Amino acid sequence: MMRYRRRLDLLYALLFVLPALTLFLTFKYYPLSMTMFYSLTNWDGFSRSYQFVGLDNFISVFSDSKVLGAFYNTVYFAIVSILLGTVIQLGLALILVNRIKGAKVFRTVLYMPAVISALIISMTWIAFFQYNGIINQTLKLVGLETLAHNWLAHPIITIHVLIVINIWQWAGYGMIIYITGLQAIPTEINEAAALDGATGWRKLRLITLPLIMPAVTINMFISITGSLRVFELPFVLTGGGPMNTTNTVTMSIYNTAFLSNQFGYASSIGLVFFLFIATITLIQLTVTRRLEVEY
Amino acid sequence: MASANGRWLRMFNYTILYAAAVIILIPVLNIILSSFKTNQEINRVFTLPSSLQFDNYARVFDNSYIWLNIGNSIFITGISIVVAIYLTSMASYSLARRKEWIFQALYLVFISASMIPLAANLVPLYVLMNKLGLVDTRTSVIIISIAGAIPMGIMLYTGFIKGVSRSLDESASIDGCGRVRIFALIILPLLKPVTVTYMVISSISIWNDFLMPLLFIRTASKKTITLAVYSFMSEYVNDWGAVYALLTIAFLIPVAFFIYNQKHFYGGMTDGSVKM
């Protein structure tokens, strides 16, 4: 009787997971396995027949300067966004964690861009960065015409414009995560640090930073996975140009599949992309976790 | 000395904060102001609109399916999140309570999928939806949104249920309650705070999604508001006044939602993070 009861419990427990699991396997893992399958073919997405080409697609991925360029641009975009972004987010958090008049309003305003679609954000910035836009007109007005650039069509500057917009959008979001981390530091620790004469930079580096490592772990995870997937910004603002300098991996996959009809090839870029993101995030989680301290 | 230092520091802090707030607000103010300008005035960026005219908005409502588009976004987001809540809360109950290895493994299966970028599955998802006859339907976007929301739901609910005392289930079980009734009558009501968090945070990411609607929806009347804004811009390149009006509407909806639900946004992120 008891055994029957326990079996029934287990059965129910499995049944509870089943609906979520079915949907998940069908629309997450089954597609991933099909990505692996298509990546070994030269399928164009429409023909009934296709050939197996072995690892040819992967050899192409690693010798295709356009795809390699997309990976380079994406990684560059992510690294600069995260490094600069973290400094700004942490800086704002360190200010807002103090007693500040209107702290709530500042928090709301700074967080706001994070709830807007990146597509809308991108369109909002066109008015500023287009050639006849607000930035160039302002520069003209104050006599700094020499600083005017073709912001959205410059081989070196344009990727940085996208980075700036990305940092702008996520500054408040990361800031909130750091504020939560800072508020979790017990007051005794801050008091003890003050008694020992630790202030400013030394206190930040030796006491505050190690203690907010959990917040850094989560924030890094979100920023890395988010910024490596960047799509809307270049899609709307540059179309990947000029000269593919803002072409990103997601755009590259989208274009290869749906503009050039190379489903097989697009799948192999996708698979490399997945392995790339998985490796980076696993390394990041291990490293920042190791830096976390107990208190 | 110390107090003088403190005063400078305070001034520095406020300067930074005001500067940051202005930098955030300028682009927002620009679209709102521009939405009231005529197309001639828009090019004169430093001037205010000559009069508060709603012509741009009128053209948006005349030339687009904006009500339908907003409706589609509400529909897609609403259905997705309700189904996701149902699926993940139930699954998490097992994942959090059972000690067998299979449930630990399943937990990992759910969580590690957050590392699969949607872009990696772009081709097979399209092929699959095509086979199911779901291309150019809202259903395709709903299904993918649910699948996308599952890892976070599992994470939030499993973490939360682990904190709910087991004695509750056990006493109910002694009283002769079946598993389903224990879940529905005892566990589910306790999950309300975490459900609100999950709802609020996932709604925003489903609402804001662009890539999936772009891939799957063609017909103008089925588009989400985000996709509609993009299509509208490509179609009305010379009518920036109308584009700004539509942008303003598309901007203000999630902002209003955010301001109304603020505390869930702030708290929710850490709820999710501590369990990672």
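The values are calculated or read from the model by the stated rules, or taken from the named source; none is laboratory data. What you see is a predicted model; the values in this text were computed from it and never measured. Cβ placement follows ideal geometry from the backbone for every residue including glycine, while neighbour counts extend to all protein chains displayed.
Structure summary
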read-out	value
Hits in the range B:6-23 (condition: within 31 Å of the chain's Cα centre (by Cα), more than 8 Å from chain A (Cβ to nearest Cβ) and aliphatic (A, V, I, L, M))	B:Ala19, B:Val22
Only listed residue being more than 28 Å from A:Ser227 (Cβ to Cβ), in contact (Cβ under 8 Å) with a residue 60 or more places away in the chain and β-branched (Val, Ile, Thr), chosen from A:Ile176, A:Ile189	A:Ile189
Residues located in the range A:109-141, provided they are more than 8 Å from chain B (Cβ to nearest Cβ), outside any helix (DSSP H, G or I) and not polar (S, T, N, Q)	A:Tyr131
Elements of type helices (runs of 4 or more DSSP H) in the range A:1-81, at least 2 residues being facing chain B (nearest Cβ under 8 Å)	A:2-24, A:30-38
From the options A:Leu90, A:Leu94, residue that is surrounded by fewer than 23 Cβ atoms within 10 Å (Cβ to Cβ) and farther than 19 Å from B:Leu211 by Cβ	A:Leu94
Residue in the range B:173-190 that is over 26 Å from the mean Cα position of the chain (by Cα) and at pLDDT 90 or above present	no
Any hit, the range B:9-22, residues being charged (D, E, K, R) and either closer than 25 Å to A:Val109 by Cβ or modelled with pLDDT of 95 or more (or both)	yes
Condition check for B:Leu29: under 26 Å from B:Val60 (Cα atoms), outside the structural domain of B:Gly241 (by TED's automatic domain parsing) and surrounded by fewer than 15 Cβ atoms within 10 Å (Cβ to Cβ)	yes
Selection status of B:Thr88, in a helix (DSSP H, G or I), without any contact (Cβ under 8 Å) to a residue 12 or more places away in the chain and surrounded by 14 or more Cβ atoms within 10 Å (Cβ to Cβ)	no
Flag if A:Phe258 is over 23 Å from A:Leu68 (Cβ atoms) and within 14 Å of another protein chain (Cβ to nearest Cβ)	no
All positions within the range B:173-212 that are within 11 Å of chain A (Cβ to nearest Cβ) and outside any helix (DSSP H, G or I)	B:Gly178, B:Asp209, B:Phe210
Lone unmet requirement of (1) assigned to a loop (DSSP other than H, G, I, E, B); (2) surrounded by fewer than 15 Cβ atoms within 10 Å (Cβ to Cβ) for A:Ile100	(2)
Test: B:Val109 is out of contact with any helix residue (DSSP H, G or I) (no Cβ under 8 Å at 6 or more places or on another chain) and at the interface with chain A (Cβ under 10 Å from one of its Cβ atoms)	no
Wholly enclosed helices (runs of 4 or more DSSP H) of the range A:144-248 bearing at least 3 residues within 14 Å of chain B (Cβ to nearest Cβ) and on the phi < 0 side of the Ramachandran plot	A:157-183, A:213-228, A:232-237
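To keep it simple, each residue is scored yes or no on (1) under 27 Å from B:Lys263 (Cβ atoms); (2) crowded, with 20+ Cβ neighbours inside 10 Å; (3) basic (Lys, Arg).
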residue: B:Glu100; (1), (2), (3): no, no, no
residue: B:Val109; (1), (2), (3): no, no, no
residue: B:Thr137; (1), (2), (3): no, no, no
residue: B:Ile144; (1), (2), (3): no, yes, no
residue: B:Ile150; (1), (2), (3): yes, yes, no
residue: B:Gly153; (1), (2), (3): yes, yes, no
residue: B:Phe160; (1), (2), (3): yes, yes, no
residue: B:Ile174; (1), (2), (3): no, no, no
